[in-house]
1. I'd like to know which of C:Leu179, A:Ile202, C:Gly68 lies farthest towards the positive end of the charge dipole of the protein assembly as shown, counting +1 on Cβ of Lys and Arg and -1 on Cβ of Asp and Glu.
2. Rounded to whole Hz and in sequence order, give me ³J(HN,Hα) for the stretch B:29-39 from the Karplus expression 6.51 cos²θ - 1.76 cosθ + 1.60, θ = phi - 60°, writing x for Gly and Pro.
3. Calculate for chain C the 222 nm mean residue ellipticity that helices alone would give, adding -39,500 (n - 2.57) per DSSP H run of length 4 or more and normalising by residue count, nearest 500 deg cm²/dmol.
4. Taking other Cβ within 10 Å of each residue's Cβ, how do C:Asp449, C:Asp267 sort, fewest first?
5. What relative contact order, as a whole-number percentage, does chain A give when Cα pairs under 8 Å and 6 or more residues apart are counted?
6. Which value, to two decimals, describes the C-alpha radius of gyration of the stretch C:1-121 once divided by 2.2 N^0.38 Å?
7. Could you work out the Rg to Rh ratio of chain C, with Rh taken as the Kirkwood radius (inverse of the mean 1/r over all Cα pairs)?
8. Size of the dipole of chain A about the Cα centre, Lys and Arg at +1 and Asp and Glu at -1 on the beta carbon, nothing else charged, in debye to 20?
Amino acid sequence: MTIGVLVDLMLALALVGLSLRVVTGRALFRDIVLFILFGLVIALSWSRLGAPDLALAEAAIGAGLTGALMLMAYRRLVAGGAEDVAPRRRPPLLAVPVAVLTGALVALIGLAALGVERVPDAAGTIVLEELGASGLGNAVTAVLLVFRGLDTMLEMAVLLVALLGAWAVLGEVHPGRLHQVDRRTPLVGALLTTVAPVTLLIAVHLLLAGTDAPGGAFQAGAVLTGCGVLLVLTGTVRPRAAAGLATKLLVIAGLAAFVMIGASAVALGRAPMSLPGTWAVYLIETAMMLSIAVTMTLLFARARALEPERA
Amino acid sequence: MSSAFVYVLAASAVFGVGVYGLIVADHLMRKLLSLNVMGSAVFVLILTVGGATPAGPDPVAQALILTGIVIAVAATAFALALIVRMFQETGLTSLRGRDDDD
Amino acid sequence: MTTEALALLVFAPLVAGLVVIAAPRRAAAPVAVAALLTLPFGLWPLTLVVWRGETVQVALAGFAPPLGIVWRVDALALTMLWLTLVVVLVVSLHALTSFPPASESGQRFWPLWLILIASVHALFVSADLFNLYVTLELVTLAGVAMIAIGGKPAAMRAAMRYLLLGLMASLFYLLATALLYGQTGTLDLYQVGERLDDGALALIALALMVTGLLVKAAIVPLHVWLPAAHGKAPGPVSAVLSALVVKVALYILIRLWFWSGGAAGGDGAALLLGLLGALAIVHGSLAAITQTRLKMLVAYSTVAQLGYVMLLFPLASTAAFRAVTFHMVAHGVAKAAMFLAAANLLHALGSDRLQRLVGADQRHGVNVLAFALAGVSIMGLPPSGGFVAKWMLLEAAWRQQGWGWVAVISLGSLLAAVYVFRVVALAFAQPKGGSVRASVGARGGGRFDTTALAALLLAVLAILLGFASAPLVALIDRGLPPGMLP
């Protein structure tokens, strides 16, 4: 048994253990934190499985963003007087057998699938052969933007719909209610002046690197959201009652860029969703990054728009 | 024993745990946590059953997972907005009780 | 021409949705209306091609499968696109009044509405398993958001339950998609069908996928989310959810079964699906009969009517396919009419409790008439689209000597008659004391507005489908599933 397998086994055990705690725990706050930890362990598993793009995405989105959203929602529930600790209830009789059976069935399927011989002309193999023609070095980015751009375009629509849905159920917005930390606290000032620019740099790097190396619009957008979350938590920005034109344009930018380029290909006599060149990839990815960051920050802040706090 | 083998077993167990949580959990946020746990398990399974190329895991499978992760966080964000508003309107954090109203 | 036409169907509503978000409020109505009015121009060129018996195919970004995604329009897809067009246009007419685009509520409604239309189009034309997953998520999420749009607690609860179950179902579907991809190396529906063997692994993958789709299609016993979700949503949303959104899952299921080798599941699995359908018909109808609220009654009727579609799997003949496809159209039109009429009555009476309907015919005659006409089609009485559909289905079952199915189809119509007549009888009943209650009907009044017109228009169409069934049947016949019994 090699060290590698030992690491795998430890990660696997951690995954199962953490998921059990997350699901069966009774103190919500602690379990959300454990869920974030679970996400980080998944990210490690991705890198062990040779998928650094996914490791980055999972750490930033699966663990980071989802965790931040959960914690913020938790805070709002508790601020409204919700109980943190759930009363102990007798679980439904069939829950354990159903869960065990499902898990066993999935394991059986998964193990059987491991033994399946790979089709020689599988889509993934062709992607690697055609990668040169796409002008990109990162096969995953090429699939997302070039070969299966329609999926990614519609995925941006999903994100937009999530925001529109959240706006529809927003109810009253209380301006200034998000103020969490006093900006005069020395550490906070340092955070803002150093961490914010650094995250910005990381995001841009991820975006540019993503065409050839691990990274891309999603990872960059998630990191940039971190910046936004920081601004919200430190009270540097506060909710506004209505979204202005700038906010709306930022929110729709990713989908709009995709739609315009994808549809204009038809007017030029090419197949829909054809990209006119590598520049289009950069354009769409930049727009996507901005839309993801603004959308997720607004979802986090539970706001229609944000404006600088006048100190 | 390969890495894939270990992770298939772990992901299957995690999937089962998620199903358990979805059935048992009362608090909507915990149901949502369970769903996200299930989702992560599915994503790991996609990579392992999606096959591998000489250059690593299948890039199409990876792209599917990336898309899945973003869809999951979008749905989660909307669900949380719904949970918070429901709590503000009714004081409830679960789906227990009757549906009727005027 | 066909490439442009297809692109128009997906992109026009999407662009309009984006414009409505960003543009000033007063621009919302003209932009939305303009986009909606372009849709027939997208559908017509496609119809001409499919009518010749051909299939429209567009490889997106020029990459053929397995590398890329294909849009494919055959007769089945085109039939569903026509249903979408008719329902969406008329329901939009209702929404122009019930959610005025320049108002606060309209600003929430219209972007979601337009994106929903684009995603339903993208779903019906997609021939890619994973792309179908994305569009299905998009349709579901937009649907859920629109249920909750008013912020009423009951609607939000219903939306929440729908969302949780929908997300779980999606995970099943997604896992199955990955399994199929692992075995066949492709995500294209038709290539999967060609490459898939009928080994145990393939069958399990299909079973997982079917289970996920049955949840999304609300087939008994996985229907628990539907009644409240459809019953508590705003009127136009209820209409489009019942007429279209819930059927997209059935559409994928039919594709999977008859085009992608799902039938490899065997007669036993087909029988099981049929039995679930029979159960849905009986349970949904009985539940509808016992409801005390109009919109919940209509929602349970949807549970029952979806069951008929499931009878296609055990019958598996072209006759049954024709009948079931026709039924999806006929039910879509009639149910949209019913929900609009019910929502109008709810709006006018202030409540949709059935007792409040007493005497409604005198003040809200148009809506009661629309409900009754749509009811004729739902019951399957001649002359109506519902009658043609159920008659064809009966004939198909009869020809295969499926007496059990014949009995269930007949029973379903009988039970439907009970719940429809219950409503109509109440609406025509004399109020106690002999006079129309003046206290109710505070809002709306009896005037003939576009909301009532929309309900009536769809109801009349539901009846007309019975007189003019030939073109629709001819269209369906141009794209029968491969290798089916006559």
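1. Ranked along the dipole, the leading option is A:Ile202.
2. Those phi angles translate into 5, 6, 4, 5, 4, 4, 4, 5, 5, 4, x Hz.
3. Working: 21 runs with 358 residues, N = 486.
Calculated at 222 nm, the ellipticity per residue is -24500 deg cm²/dmol.
4. Values: C:Asp449 15, C:Asp267 11.
Ordered by Cβ neighbours within 10 Å, fewest first: C:Asp267, C:Asp449.
5. Relative contact order of chain A: 18 percent.
6. On the way: Rg = 15.5 Å, N = 121, 2.2 N^0.38 = 13.6 Å.
That ratio works out to 1.14.
7. Details: Rg = 21.5 Å, Rh = 22.4 Å.
Ratio of gyration radius to Kirkwood radius for chain C: 0.96.
8. Values: 21 positive and 18 negative charges, 273 e Å.
That gives chain A a dipole magnitude of about 1320 debye.
Any read-out appearing in this document is the output of simple, stated calculations on the displayed coordinates, not a laboratory observation. Bear in mind that the values here come from a model prediction, so they are computed numbers and not experimental data. For neighbour counting, all protein chains shown are included, and Cβ atoms are generated from backbone atoms with ideal geometry for every residue, glycine included.
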